[in-house]
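Here, each number is a calculation from the coordinates, and none is a lab measurement. Bear in mind that the values here come from a model prediction, so they are computed numbers and not experimental data. Neighbour counts run over all protein chains shown; Cβ positions are idealised from the backbone, glycine included.
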Amino acid sequence: MGGGADLDGHGSVNAISAAAAWSFFLFGYDTGVVSTAMTWTKHSLGLNNVQYEVAIGVTTCVAGFAALGARTSNAYVGRRGTVLLASACFFLGALVVGSVPDNDAGGFYLLCLGRVGIGLGCGLATVTVPVYIAEVAPPETRGTLIAMEIFFTGRTLEARLVLARVRDADSDGERVDRELKAIEAEIAAARDEMAILPLAAHAYASSKPLFRAMVVGCGLMVLQQLAGINTIMYYSTVIFEKVGFSNLQSAWLACCCAAMQGLGIACVVGFSWADVHGRRKVLIASTLLVALSLYGFAAFYDVSIWTACACIMLYLFFFGAGLAPVPWAVNAEIYPLYARSGAMALACFLCWETNFLISVTYLTLSNALGVPLLFSIYGTITLAGAACVYVYLPETAGKPIEEVFAAFKHPNVIAARENFLSSATADDAGLAPQAPAGGVI
């Protein structure tokens with residue numbers, strides 16, 4: 001956000017978001033190529049199934065603990081510094097993995113060391129990037145709080161100029177004034193909260209609204225992984241070979257897996273589905289279609305290899321169109337300032353450790369239960385998750401972050417969701433409800 005860039009309005013926001021999201025691209029790239037790459041690595045290093053699972057799972061395990069550490073990193077070096085640190089970890093990890101020699105007794109340990117570095121980058125990036133982008137983007141595409149760090153150091157005038165620049169508005173205009181007041185109110189509320197609520201694990205649980213928000217946010221991250229996405233991303237080559245494809249066909253189809261998920265994500269981004277139709281509708285539709293695709297794959301696994309393959313590709317597209325990006329967006333939106341980094345870190349920790357659990361048990365469970373039954377279990381979990389999303393997730397699209405948390409202050413979560421949806425309708429009609437006394441939301 002330095003003074004040298006010659007960017008205005010949404011162009012500045014897009015440039016900032018794209019730069020921050022590069023770490024997420026590296027995380028996605030590693031996930032997308034690991035299946036094919038690890039299949040050849042398994043043969044070149046002579047790995048057994050347990051070593052294969054460990055080499056894949058070590059990244060996700062380390063990423064979970066790195067996610068917990070990201071809260072401290074965000075506090076001391078800021079969002080930008082943490083993103084740079086994540087990128088450095090990706091670079092060093094990839095360098096080590098690329099230097100692993102073939103047919104070497106120590107190659108397995110060097111491979112794991114490199115994937116530890118990649119895991120550190122993944123954990124830091126997945127906590128920091130969604131929050132950073134959510135704080136930069138405007139409410140209609142997502143937003144608030146770009147000047148948070150500046151406000152904490154009392155540089156209000158600079159914060160006003162920064163907001164005017166990224167919002168493409170007059171620094172003395174009504175929109176900038178309104179957003180500055182909202183930021184000041186949230187910071188004041190956060191300071192009051194932090195004075196009476198130490199940021200320890202028991203403190204998170206003692207705040208009922210925060211606890212409700214964390215149950216929803218963490219639940220979405222766990223659901224994302226229990227839908228079985230990384231069994232396919234990590235073991236797609238193995239899965240296609242078991243279905244009946246040749247080694248070469250399986251390798252090419254594994255490459256298509258990342259492309260199909262990317263296509264789904266591109267549709268969400270390109271057509272702004274989550275902003276136009278809302279997080280809830282997109283996530284519910286995505287989750288139901290993901291479950292249907294999982295059941296379809298299980299049903300056609302022993303019947304038609306190409307139909308089973310089509311079900312996998314549809315699964316990846318539908319997952320990318322909702323269940324992949326929306327949990328990250330929601331987690332970046334629902335927490336109050338004083339708990340945002342810590343709550344996001346816990347959600348990412350659970351995401352990565354569930355990912356680890358899925359990745360290190362897939363080969364064992366598929367051999368014990370059979371692939372069709374295992375994917376049917378994933379489908380049933382996903383279907384149950386869709387029901388929970390319908391009942392408990394309020395709509396967050398188009399609402400400033402400081403307003404979103406209010407939905408979780410109602411003891412009846414279902415009633416809170418309905419009230420929140422009603423307030424969103426009132427906002428659309430120009431009848432927005434008044435903020436609580438004192439500006440504390």
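Here Lys42 is the anchor, and the lysines within straight C-alpha reach of less than 19 Å, apart from those fewer than 8 places off in the same chain, are Lys242.
Taking 0.36 nm per residue of separation and subtracting the current Cα-Cα distance, fully stretching the chain between Lys181 and Phe91 would add 28.3 nm. Taking a straight Cα-Cα cut-off under 27 Å and skipping sequence neighbours fewer than 8 places away in the same chain, the lysines within cross-link reach of Lys409 are Lys181, Lys208, Lys281, Lys399. Peptides 64-70, 253-259 ranked from most to least packed by the mean count of surrounding Cβ atoms within 10 Å: 64-70, 253-259. Label positions at Ala368 and Ser44, each projected 7 Å from the Cα along the C-beta direction, are separated by 3.3 nm. The Glu174 and Val276 beta-carbon pair, evaluated with R₀ = 22 Å, returns a calculated FRET efficiency of approximately 0.30. Applying 1/(1 + (r/R0)^6) with R0 = 45 Å to the Cβ-Cβ distance of Leu84 and Ser304 gives a FRET efficiency near 0.40. Shown here: segment 203-426, whose C-alpha atoms stretch 55, 35, 25 Å along the first, second and third principal axes, sorted largest to smallest.
Could you give the length gained by full extension between Phe211 and Ala384, i.e. 0.36 nm per residue of separation minus their alpha carbon distance, to one decimal place? Kindly include the intermediate steps, with their values, before the conclusion.
On the way: separation 173, 0.36 × 173 = 62.28 nm, distance 2.12 nm.
Gain in length upon complete extension: 60.2 nm.
Assuming R0 = 45 Å, can you tell me the calculated FRET efficiency for the pair Ala75 and Cys255, based on Cβ-Cβ distance, to the nearest 0.05? Walk me through the intermediate numbers first.
Values: r = 40 Å, r/R0 = 0.89.
Once the sixth-power term is evaluated, E becomes 0.70.
Start at zero, step by 10 Å, and the Cα-Cα distances of segment 45-88 spread as 26, 36, 21, 15, 2 percent across the bins.
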